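Please read the structure below before turning to the comments.
The values are calculated or read from the model by the stated rules, or taken from the named source; none is laboratory data. Source: prediction; values computed, not measured. Here the Cβ positions follow ideal geometry from the backbone for every residue, glycine too, while neighbour counts run over all protein chains shown. Just so you know, the surface numbers come from the protein's heavy atoms only, side chains and all, with ligands and any DNA or RNA stripped out. Shrake-Rupley method; radii C 1.70, N 1.55, O 1.52, S 1.80 Å.
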Amino acid sequence: MKNILSILLVIAVMGVGAMAQAQQPKKVFRIGYLSSSSDPASESTRFEAIRLALRELGYIEGQNIANEYRYTEGKRDRLSEVAAELVRLKVDIIVVAAGDAWVRAAMNASKTIPIVMVGSGLDPVKAGLVESLARPGGNVTGITYVGPELGGKRLELLKDAVPKVARVAVLYSPASPGSVLEVKEVLPVAAHALGLTLQPWEVRDVDGFERVFAALNKQRPDGLYVPVGALTGGNRKRIAGFAIKSRLPSVGSNTAYVDAGGLMSYDADRADSYRRVATYVDKILKGSKPADLPVEQPKKFEFVINLKAAKQIGLTIPPNVLVRADKVIK
């Protein structure tokens with residue numbers, strides 16, 4: 001009888017312990033998202049790829065993860081403020097969907113919170129964001145794009161789509177290292193090989209667009225190239241609208257430009273890269289250190305054509321170009 005009572009007591013204690021454990025709230029991880037975009041709706045669509053991939057890994061918003069989104073609208077003067085705000089919220093990870101300056105702002109805000117980058121920029125090693133791609137060494141890892149280096153391919157596709165193009169205006173911000181690299185080093189080599197003449201136009205702030213647009217209407221180039229950059233990215237709808245109104249064939253540095261109404265783009269498959277970000281988030285939340293997670297480069301690329309924009313500017317895309325598109329917007 002005594003043994004039976006002892007056994008029952010043990011079972012009761014175990015049951016109480018199990019109930020207490022079951023009643024303990026699960027850890028809710030906070031993920032901060034920092035973007036240079038001025039269009040939260042568009043950026044939210046891209047972030048959805050991360051959310052869906054995280055859901056497949058067992059992370060459900062409102063149950064075991066909470067998301068905090070912050071957008072700087074292409075304004076660098078807001079970087080420190082927004083990055084610091086995410087740190088004050090005590091997020092467990094900061095996902096930076098922007099260029100080097102945004103990653104640097106997150107690094108300056110915290111030396112300990114893991115940072116997963118997925119955006120445009122220069123070589124993260126040259127930029128001093130990581131020690132090496134194989135061994136980042138600090139609190140930053142993630143996906144690094146090769147955006148500027150794809151400039152030659154974009155010019156080639158523009159030439160294929162519009163064979164008569166000869167003079168291409170390049171709209172860029174001198175404050176964007178990636179844009180400057182394209183304009184000064186990448187595009188001239190490709191333009192020479194394709195027999196194109198480049199006409200670089202600097203835009204230093206939001207107010208500068210109308211001045212440049214007016215000048216372009218006078219000079220009438222044959223095409224428009226929109227490189228990567230916070231200022232151009234934050235005003236992509238404005239640029240795409242100008243190109244349509246001016247009946248100017250244009251090519252952008254990412255699919256967001258086409259989504260905003262632009263004619264075409266060629267870039268790393270951002271959705272694929274965003275899905276891969278979820279793997280980094282998962283590993284870090286399970287204990288891995290960013291310093292030990294190698295930085296990856298894109299494996300898939302995407303050529304997108306907007307037939308609606310083509311129709312608006314009176315352009316017929318050659319069949320041999322259309323068939324090469326990974327995505328066609330009608």
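When the strands (runs of 3 or more DSSP E) confined to the stretch 232-330 are screened for residues that are open to solvent by 30 Å² or more (accessible area, probe 1.4 Å) and touching a residue at least 40 places away in the same chain (Cβ under 8 Å), those reaching at least 2 such residues are found at 301-306, 327-329. Restricting the stretch 112-129 to residues that are assigned to a loop (DSSP other than H, G, I, E, B) and modelled with pLDDT of 95 or more leaves a set whose member that is surrounded by the most Cβ atoms within 10 Å (Cβ to Cβ) is Pro114. Residue check: Leu171 meets all listed conditions (1) within 22 Å of Leu129 (Cβ to Cβ); (2) within 20 Å of the chain's Cα centre (by Cα); (3) of a type in the set (A, V, I, L, M, F, W, C) but one, namely (1). Can you name every residue in the stretch 186-201 that is closer than 14 Å to Tyr225 by Cα and open to solvent by 70 Å² or more (accessible area, probe 1.4 Å)? The answer is Thr197, Pro200. If you go through the stretch 163-179 and keep only what is in a helix (DSSP H, G or I) and crowded, with 20+ Cβ neighbours inside 10 Å, you end up with Gly178, Ser179. Scanning the stretch 202-211 for residues that are open to solvent by less than 100 Å² (accessible area, probe 1.4 Å) and either outside any strand (DSSP E or B) or closer than 15 Å to Leu158 by Cα (or both) returns Val203, Asp205, Val206, Gly208, Phe209.
Determine if the stretch 87-100 includes at least one residue that is in a helix (DSSP H, G or I) and over 17 Å from Ala230 (Cβ atoms). Yes, that holds for at least one residue.
Considering every residue within the stretch 33-51, establish whether at least one is at pLDDT 95 or above, more than 20 Å from Tyr257 (Cα to Cα) and not in a helix (DSSP H, G or I). The answer is no; no qualifying residue exists. Among the residues making up the stretch 287-314, those that are more than 30 Å from Pro114 (Cα to Cα) and not polar (S, T, N, Q) are Phe303, Val304, Ile305, Leu307, Lys308, Ala309, Ala310, Lys311, Ile313, Gly314. Restricting attention to the stretch 69-106, the residues that are open to solvent by 60 Å² or more (accessible area, probe 1.4 Å) and small (Gly, Ala, Ser) total 1.
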